[in-house]
Structures are given as structure tokens and as C-alpha cells.
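Everything on this sheet refers to the single structure shown next.
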Amino acid sequence: MVDRLTFKSHYSRAGRLVSWAVSLLGAVLAVVLLNAALPAGAQYPGQIKPEGKDKAPVLRAVAVLEWTGAEGKPKKSRLVPITVFDGEQFHDGGIYLARPQPMALAGEVEYELKKTGKSIGLFDVESAGQEQNEWVGYGKWRPMPPPKPSAPKPMALVDETYDNGPVLHRKHPAAGTVGKTGSKDSDEPTLHGNDSGDDASSSAPAPDPDRPTLHKAKGSSSDAGTAPEDPDRPTLNKDPGTAKKGEDLGYVESMPGVTDPDRPQLKRGKSEGSGPAVTPNLMGLPPDLQQTVAVSDARNLPEHPWIFHWANPEDELRMKAALEVAARTALGLDAPLAPSTPKTKSAHARKQLTLPPEPAPLDDEQFHVFELAYGAGATLVFSAHTDAPPQEQKFVTLIAQPDFYGGLQILLKSVADFKHLDDAPRMRLVDAVDADADNRGELLFEVRGATERHFTLYRVLRGQAEPIFSSGSASIVPHGD
């Protein structure tokens, strides 16, 4: 009995396996036959393309305008391309679609100059060239055009009558006057006839003795209808050569050579002695170099200022003081601990020894606070260097944000010294910029070493500051070489 049940169980299991295999084989054969029946164009190509023509991406270029002199009227200037965003990824603006100059520096490309998100002018690219293996653009800084005046609102016409149609108001006659219609209150215009009592045929007005009249010339026949020729009547001749000398006739003839040297002349094109237009070039990195962000986009996007407004002005001062402490610590400028004071000293001497020492000075402090998204908190950027000769200076750059407890959270710390700039270059903030048109600002830094430099975009998000793009390196020419 046990053997039979076991055999039956095995037999049932084997039957189920055979049935499953048959079903699987049938499904495979059905798929093969279906693919064979379908035409080649209906098979899945591996990539689905949207219907219609592919639209060209809207590009957004970011550059840095460097200049010397006054803002708006630079003595020398150059435009350094940084990125070109095609809607999906960043490209190096210095080599993107170079033919041979990059697309970001093509002629007549217009950039909008911005400072903390606000437009301060326009820059039109007129030419491009290479400086130390880096493409730069030259052009003109133009002021922002004045805003267009808003169209005046149409004046509403108030109708005093009960309907909306136009009303013509007539002048009412004086009291006691009666028109020919016989109605005193009639506003209709009236036609006054001749009061002499004549019929309608004689209702024409009497001739005016002072009225000018046209008289026919003497000797003219009434039936011809044409006046005889007047010898004093001016005539128009088609051919000036046929005109008699002395006749009052206007004509034009070529002028002989004029020997007056002061006579002005009009020429097409440029004057021979003016020469080609020269654009002032900016070479090297002079001490008075200034930088600002430049953005070129085919779309007319609204401005987005990145300025953060403090609810309490004292918080800004407190955050700056905390960043100065963090910067001194990063530069190794913390004062040493005061030695223990012996008890044998006098009270005045002990007080002098226990006073905290003056903090080490910091030179060229730069403190910026940004609101990189609407409703976001403050993002702090602080940079400075030690008060020392140039060959012994140390540099620090900090990116930080306030924490929930009012403290300071350091997101990025960069420390460099002059002797090792090639190994650890210094970071110089240019400004905040919306590089990919997502309505969120990124921080653009110039990363400068001893012999090379490049630009890097940092995105601050969820308590982290991470680099998202770095441009190609360019050689540095010391100022004056």
C-alpha cells in the first residue's frame, strides 16, 4: 500500500512537470512565430524616439568678465567662457563647438552681466583670441537698456444715458425762437429759405459783387473751349538741351573739379587713414583685476537675486565672528595657552597674565551671504589670508551654514600657502550663478595655483558642498611679463 501511494505521488509530480514543459514550449513557439510574422519595421529597435522632429536644445552659457578700471567703463577687459549647459549636462565653454573659436565666443553673442543675481550691464562679443592656450573674448560693455514704459490704460467712457450708444448733443435754441418746422422744442436743424416770397427756382443766393469771376480771353470762340497761347506762360521741356538760353528753366549738369580743400566729401566704408578697430587686451592677472559673472541665454528669464536678508542683524555679525575664529584655526593662528601664573605674583601681575591675547590679524577678508533658493537658509562664504609678505602668505576659504542650534556648520574648508600653490591652489569666490536655469544658485570659484588656474562650480545642497563642474586649466602669466 505504501509503495503504491509513493508511485502514484511520483507519477502525479512527473505529470505536472511534463505539462509545465509543454506549456513553456508552446509559449516560446508562439513568440517566435509572432516575430516572424511581424514586418521588420515593427520590431522593437532598442530605443524609442518621440514622434516629430527633434528640437534643438536651449543652451545657457556662463562666463566670467575680467576687467581693470571703473565698472561700466573698463580700461581693459576680456571674457573667459566657463560652461555651456545643453539641458542635460555641462560642457567646457572654452572648447564647446570650437570652429575654431568656441560657440560661447561667437561674434554678436550677448552676455548679461550680473552681481549677486542682479543685472548690471550687457557685454557684446566682437572678437575672440587665445591667451596662454585659453580662448577669451573681447567686446564692449553696454549699460542695461531702460525698462519699457508700461502702456497707458484706456480711459473708461462713462455714459450718462440709459443706453450704451453714442449721443450727439445739439445746442438748444434760445427761448422764444421758432424754426420753420413750427416747433419751439425741435432740436432738428432747419433750412431757411428766401424771405422775398419767390418760388423755389429763385431761392439761390444773390450774386456777390466782390466774388471773383473767370473771364475768357478776347477773341476766343465760345464753341472751341480752348484759350490761345500766352507768350508769358512757363513751359516744361523734356530735353534741357532744347531750351533757349535765358529761359527760366531748371536743369542739372555735371560740376567741374572743385579745388576747395575744405569741402566735405562722403565716402562709403571706413576712411583710409582710420585703420582697423583695436580692442584693448587684458594680459596676465594684475593686482586690480575685477571679476563678475556673465550669463547668455536665449530665453528671457526673470531676475533671481541671491542676497540673504537677516531677520536679526546681530546674527550676521555673530556668524562672521565665528567664521573668523574658524579661519584662524585653519591657518594655525590660534594663540597659545597662557602659562600658569605663580602664586607669588601680585594680583595686578596675575590679571595681566590671564588677559586673552589679541587675535592674529586677517587680511583681505571677504564675507558673503547667499540665499541660493527661494525660502532657503543662509549660505556663508568667507575667505582671507594671513598678514604677511606675499612669499609667506597662507590662504583660507570656508563655506558654511548655520545649524539648528545657532552654531556654525563648516561644509568646505580650503587652506593653501604661497609656497605650495601648485599642490593645493587657493579658492577665490567669483559669485553665485544659476548655471543650469533650475532657479537654484551655484557657487562659482576661481581655483588659482602658481602656474595654472581653472574655474569650479559648487552646489550646496542638504548640508554638503560638492563640485559639479570644473573648466579646463589655463596657464598663468605673471603680471608685467
Query raised in the report: If you check Thr386 against the conditions, is it among the polar types (S, T, N, Q), closer than 24 Å to Pro302 by Cα and in contact (Cβ under 8 Å) with a residue 40 or more places away in the chain?
Result: no
Report summary line: Per the list (1) surrounded by fewer than 20 Cβ atoms within 10 Å (Cβ to Cβ); (2) within 30 Å of Phe85 (Cβ to Cβ); (3) not hydrophobic (A, V, I, L, M, F, W, C), residue check on Asp436 breaks on (1)
Query raised in the report: Quick check: anything in the stretch 468-480 in contact (Cβ under 8 Å) with a residue 40 or more places away in the chain and under 25 Å from Ile307 (Cβ atoms)?
Result: yes
Query raised in the report: Within the stretch 99-158, which residues are of a type in the set (A, V, I, L, M), within 22 Å of Phe85 (Cα to Cα) and in contact with a Ser or Thr (Cβ under 8 Å, 6 or more places away or on another chain)?
Result: Ala104, Val109, Leu113
Query raised in the report: Which one of the conditions (1) in contact (Cβ under 8 Å) with a residue 24 or more places away in the chain; (2) within 14 Å of Pro467 (Cα to Cα) does Ser414 fail to meet, given that it meets all the rest?
Result: (1)
Query - Residue selected from the stretch 448-481 under the condition among the β-branched types (Val, Ile, Thr) and surrounded by fewer than 22 Cβ atoms within 10 Å (Cβ to Cβ), by the criterion farthest from the chain's Cα centre (by Cα) - result: Thr451
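Just so you know, all these numbers are worked out from the coordinates, no wet-lab data involved. Just so it is clear, the structure is predicted and the values come from calculations on it, not from any experiment. Positions of Cβ are generated from backbone atoms using ideal geometry, with glycine treated the same way; all protein chains shown enter the neighbour counts.
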